Amino acid sequence: MIFEFIIYFLAALFEIFGCYSFWMVFKLQKTTLWLLPGFISLILFAYLLTKINLEFAGRAYAVYGGIYIISSLFWLFTIEKQNFNKWDIIGSIVVFAGILIILLGNQKFIKI
């Protein structure tokens, strides 16, 4: 399962960077050259999600959505230099609980 989380977090990094490259071009007026690494990053993001070891894409995407939220807040803190507020922290805890419920609840060794 650790390998799965690594893939999810890498996918999130590539998606966030890819989208942020568009943000830089269209919101921050940076050079359009930023779009090329953005496109490549988004392709890598999509490819990585195909490596997730879950039976159904929708379930993999649901778990990924939670990872994306947590990764976005990490991006906010490390790249955009913004501090977390209490709602960021509380929301992240709730999201992480949801990720674990979906992931662990769909493992073959758990019977509920």
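ALA57 falls short of the stated requirement of being within 14 Å of the chain's Cα centre (by Cα) and open to solvent by less than 80 Å² (accessible area, probe 1.4 Å). Note on region 77-106: residues that are in a helix (DSSP H, G or I), within 26 Å of GLU55 (Cα to Cα) and not β-branched (Val, Ile, Thr) amount to 8.
Quick one: what pairs do we get from region 1-18, first residue over 10 Å from SER71 (Cβ atoms), second open to solvent by less than 60 Å² (accessible area, probe 1.4 Å) and outside any helix (DSSP H, G or I), C-beta under 7 Å, 6+ apart or different chains? Partner pairs satisfying both residue conditions: GLU4/ILE52; ILE7/ILE52. Only a single criterion out of (1) surrounded by fewer than 11 Cβ atoms within 10 Å (Cβ to Cβ); (2) at pLDDT below 95 is not satisfied by ASN106, namely (1). Tell me, please, whether a residue that is open to solvent by 90 Å² or more (accessible area, probe 1.4 Å), assigned to a helix (DSSP H, G or I) and among the aromatic types (Phe, Trp, Tyr) can be found in region 7-20. There is no residue in region 7-20 that is open to solvent by 90 Å² or more (accessible area, probe 1.4 Å), assigned to a helix (DSSP H, G or I) and among the aromatic types (Phe, Trp, Tyr). Going by the structure shown, is PHE74 within 21 Å of TRP23 (Cβ to Cβ), part of a helix (DSSP H, G or I) and either of a type outside the set (Asp, Glu) or open to solvent by 50 Å² or more (accessible area, probe 1.4 Å) (or both)? When the stated conditions are applied, PHE74 passes them.
The values are calculated or read from the model by the stated rules, or taken from the named source; none is laboratory data. Please read all numbers here as calculations on a predicted model, not as lab measurements. Note that we place each Cβ from the backbone using ideal geometry, even for glycine, and neighbour counts take in every protein chain shown. Only protein heavy atoms, including side chains, enter the accessible area calculation; ligands, DNA and RNA are left aside. Shrake-Rupley method; radii C 1.70, N 1.55, O 1.52, S 1.80 Å.
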